[in-house]
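Visitor: Take a look at this one; I'll ask things after.
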Amino acid sequence: MFVTTADPVLEPPIITVNTVLSLLAVDYPAHKLACYVSDDGCSPLTYYSLVEASNFAQLWVPFCKKYGIQVRAPFRYFSNDHVITLSDSTKEFQHERKRMKDEYEQLCHNIEVAVQKYVHPCDFTGDFAEFSNVERKNHPTIIKVIWENKGLPDGLPQLVYISREKLHKHPHHYKAGAMNALTRVSALMTNAPYMLNVDCDMFVNNPKVILHAMCVLLDSKSESEIAFVQFPQVFYDGLKDDPYGNQMVVLFEYMGSGIAGLQGPFYGGTGCFHRRKIIYGLSPDNVASVNGKLVEDIFSKIGNSRELTKSAIDALEGKIGTPPNHSLQSRIEAAYKVASCGYECGTSWGTKLGWIYGSTTEDIQTGLRIHKSGWRSVSCMPNPPAFLGCAPSGGPATMTQQKRWATGLLEILLSRGCPIFAFLFAKLQWRQCLAYVWLLTWGLRPAFELCYAALPAYCIMADSHFLPTVQEPALYVPVALFLTYNIYTLSEYLRTGQSVQAWWNNQRMARVTTMTAWLFGFFSVMLKLFGLFETVFEVTQKEQSSDDDDPSRFTFNESPVFVPGTTILLVHLTTLVVSLLKLQHPPADHNMHGSGLGETFCSVWLVLCFWPFFKGLFGIGRFGIPKSTIYKSATLAFLFLYWCRGTAMAN
């Protein structure tokens, strides 16, 4: 079980701790499980929190299994949520539950105190000595066995902390690099045939999740067909009516289920069970037998660690797990070697093996590599949902996530890993290829939507038109398209139990994110293609709860990502005033009508879509658009409108 975290500030340790505790408490023999936590921030705070959590887990895990607790992330269980019910009302249970709650509150207090001290959460002596004088992006490998299971099925699973080596001159490939390091280290220490990876904020909501996955992966027919089992992302405590449009309920319900009926769902980066041997590059053609040629091929790709090569061969041959009397500590030295930043040099890690490099959406690229080898994937949707996570709340966090997605999707589309090539030269099925293309072309949308957004404003300023007039029958075509699309999408939201307000919020945010965060992603990829810029993986702020009186109110910061949206709003507010006061430049040919109802409607529609930005013009604090952003946007709006007037006069 792999858990990845990268920043103790953006991803508070208590969130990671709850995820780890929920994993340690799943209904599955503990001696067959190992939990590896990758800390790319190399934070003693994260390690300290995990050590404290392991002590609490010795009480929490037996408590959960004894009383059949359904929700095994403590913060959710003790939140007094109306969904959580007490299955046993005996005095013994009540006493133990109170004890667990007191212990958990003490755990939270200890972590909170450490967070307040942050720079020095502990004395850098003893077990913490390796964290002294380390830099986040320049430090040696640190591997700590926090808990080792001695073969007890009713004990605690293995718990290992890993912070891979980082040096300034070596690329570390963000989350993909962390996942590959976890794969190699776990291969030496436990070498389980199946690997689950979750983000640090995706806790186990269904304790039988591993049994659900194993029902698929252990089927006799799936061995040569199914590569991974993907559980859909579901979010807890989502804001009412999805004001930021990032809960993706309808997307998973319709598009996700539809794609699952082709070659299988996309790999979503979290809540996914992989076969280890497929991560090593095994194709369906070679699954029946592992011959000498295949072993030699693996040896040439996997690196110069004999221990890792042997464990990879064991995985390919179906030799499960670790040998008897195997100690995790005995493999620490070999694990340090494969977690070093220079180990991958001259190997196929990130290209043919493991998680694939070259994109900030490494999950989609890795899943595409698996699908193009001929493998299928399966979607599993148990009730209750297997995992629950927290969706970004607030404008800046949402924009960060959306920008990373748009950047990564476009990187894949414009690379040699494009699904069209995978269909032509590999084993990606045609309809699965179309599904990938549909997803990846999201990154191209900003260029077109920005032009569409500018077009009505230009027509109003120049008193020209691009839509038919009210008197022309041709007007029925765009009106029919507009009504059909919106009525159908509204019906999808209503059928999935969403409200009309949720539908509007998602429609509105689709316009906002496309012309703000996605636009920056588009430009960053274009600059990367010309060798002028390197894309970076930006970690999204994780929040466990919000104390805002109105958490659904849009928030801003000084990021330039808000400049395009503010500019579009100012442009269309100005053009509506110009249209209302009839201040357009007179058309050159009076036989041709000027701007009409269609152009005005488009402009009003965009103002409504950017209404949170309109309120931000008059807001204060983080609810208001910073004055520097307003000044930049006003300058750009003025230049655009001046160009429109100048073009109209020239014509």
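Visitor: Rounded to the nearest 0.05, what FRET efficiency is calculated for E492 and D237 with R0 set to 30 Å and r the Cβ-Cβ distance?
Guide: The formula returns an efficiency of 0.80 here.
Visitor: For the chain, what is the charge dipole size about the Cα centre, in debye to the nearest 20, if Lys and Arg each add +1 at the Cβ and Asp and Glu each add -1 at the Cβ?
Guide: Taking the Cα centre of the chain as origin, the dipole is about 1040 debye.
Visitor: Something else about it: Please report how far the C-alpha centroid of region 95-167 lies from that of region 42-58, rounded to the nearest whole angstrom.
Guide: Spelled out, the Cα-based centre of one part sits 2 Å from the other.
Visitor: Which value at 222 nm does the chain reach when only helices count, each DSSP H run of 4 or more adding -39,500 (n - 2.57), with the total divided by all residues and rounded to the nearest 500 deg cm²/dmol?
Guide: -15000 deg cm²/dmol
Visitor: Still on this structure: With unit charges on the beta carbons (Lys and Arg positive, Asp and Glu negative) and the dipole taken about the Cα centre of the chain, which residue among L388, G256, S559 sits farthest to the positive side?
Guide: G256
Visitor: With unit charges on the beta carbons (Lys and Arg positive, Asp and Glu negative) and the dipole taken about the Cα centre of region 446-554, which residue among M515, P478, L450 sits farthest to the positive side?
Guide: P478
Visitor: Given the protein chains as shown and a 1.4 Å probe, how many square angstrom of I620 are accessible, to the nearest 10?
Guide: Approximately 140 Å² for this residue.
Visitor: Identify, among I487, A422, L440, the residue whose Cα sits farthest towards the positive end of the charge dipole of region 361-508, taking +1 on the Cβ of Lys and Arg and -1 on the Cβ of Asp and Glu, with the dipole about the Cα centre.
Guide: Of I487, A422, L440, it is A422.
Visitor: With only Lys, Arg, Asp and Glu charged, each at its Cβ (+1 for the first two, -1 for the last two), find how big the charge dipole of region 130-239 is about the Cα centre; round to the nearest 20 debye.
Guide: Using Cβ point charges on Lys, Arg, Asp and Glu, region 130-239 gives about 440 debye.
Visitor: Which of K169/K372; K169/K528; K175/K372 have a Cα-Cα distance over 29 Å?
Guide: Checking Cα-Cα distances, K169/K372 exceed 29 Å.
Visitor: Follow-up. So which aspartates and glutamates can K137 reach, going by Cα to Cα under 12 Å and dropping same-chain residues fewer than 8 places off?
Guide: Result set, ordered by chain and number: D7, D39, D40, E165.
Visitor: Given a Förster distance of 35 angstrom, what is the FRET efficiency for K310 paired with N133, based on the Cβ-Cβ distance and rounded to 0.05? Show your work: numbers first, answer last.
Guide: Values: r = 35 Å, r/R0 = 1.01.
Efficiency, from the Cβ-Cβ distance: 0.50.
Visitor: Compute the relative contact order of the chain as a whole-number percentage, counting only Cα pairs closer than 8 Å that sit 6 or more residues apart in sequence. Before the final figure, lay out each step's value.
Guide: On the way: 1062 pairs, mean separation 101.4, N = 651.
Taking the mean separation of contacting Cα pairs over the length of the chain, I get 16 percent.
Visitor: Rounded to the nearest 10 Å², what accessible area does D237 have for a 1.4 Å probe in the complete protein model?
Guide: In the full protein context, D237 sits at about 100 Å².
Visitor: Please report, in debye to the nearest 20, how large the charge dipole of region 360-482 is about its Cα centre when each Lys and Arg carries +1 at its beta carbon and each Asp and Glu carries -1 there. Don't skip to the answer; put the middle values down first.
Guide: Values: 9 positive and 6 negative charges, 141 e Å.
Roughly 680 debye, rounded to the nearest 20.
Visitor: Moving to a separate point now. Of the labelled options [x] 31.2; [y] 26.9; [z] 25.9, which one gives Kirkwood radius over Cα pairs in Å as computed for this structure?
Guide: Calculated Kirkwood radius over Cα pairs in Å: the matching label is [y].
Visitor: Here's another thing I want to ask about it. What is the distance in Å between the Cα centroid of region 424-476 and that of region 1-31?
Guide: Using only Cα atoms, the two centres lie 42 Å from each other.
Visitor: Between T635 and D27, what is the label-to-label distance in nm when each label sits 7 Å out along the Cα-to-Cβ direction?
Guide: 6.2 nm
Visitor: What distance in nm separates the simple spin-label points at L455 and K352, each placed 7 Å from Cα in the Cβ direction?
Guide: Here the modelled spin labels are 4.7 nm apart.
Visitor: Using only Cα atoms, tell me the angle between helix 362-372 and the longest principal axis of the chain; keep it within 0 to 90° and round to the nearest 10.
Guide: Relative to the chain, helix 362-372 is tipped by roughly 80 degrees.
Visitor: On to the next question. Give the percent of DSSP beta bridges with both residues in the chain that are antiparallel, rounded to the nearest 5.
Guide: Roughly 45 percent of the beta bridges in the chain run antiparallel, per DSSP.
Visitor: Want the number for M214 to K169: 0.36 nm per residue separation, take away the alpha-carbon distance, what's left?
Guide: This chain segment gains 12.1 nm when fully extended.
Visitor: Spin-label point model (7 Å from Cα, Cβ direction): what's the I332 to L414 distance in nm?
Guide: So the two model labels end up 4.7 nm from each other.
Visitor: For R99 and K528 in the same chain, what is the full-extension length gain: residue separation times 0.36 nm, less their Cα-Cα distance, in nm?
Guide: Working: separation 429, 0.36 × 429 = 154.44 nm, distance 5.52 nm.
That works out to 148.9 nm of additional length.
Visitor: Could you pull the Cα extents of region 446-495 along its three principal axes, largest to smallest, in whole Å?
Guide: Largest first, region 446-495 extends 43, 31, 13 Å along its Cα principal axes.
The values are calculated or read from the model by the stated rules, or taken from the named source; none is laboratory data. Remember, predicted model here, so these are calculated numbers, not experimental data. So basically every Cβ, Gly included, is an ideal-geometry build from the backbone, and we count neighbours across all protein chains shown. When the accessible area is computed, the model is the full protein with side chains, heavy atoms only, and any ligands, DNA or RNA have been set aside. Shrake-Rupley method; radii C 1.70, N 1.55, O 1.52, S 1.80 Å.
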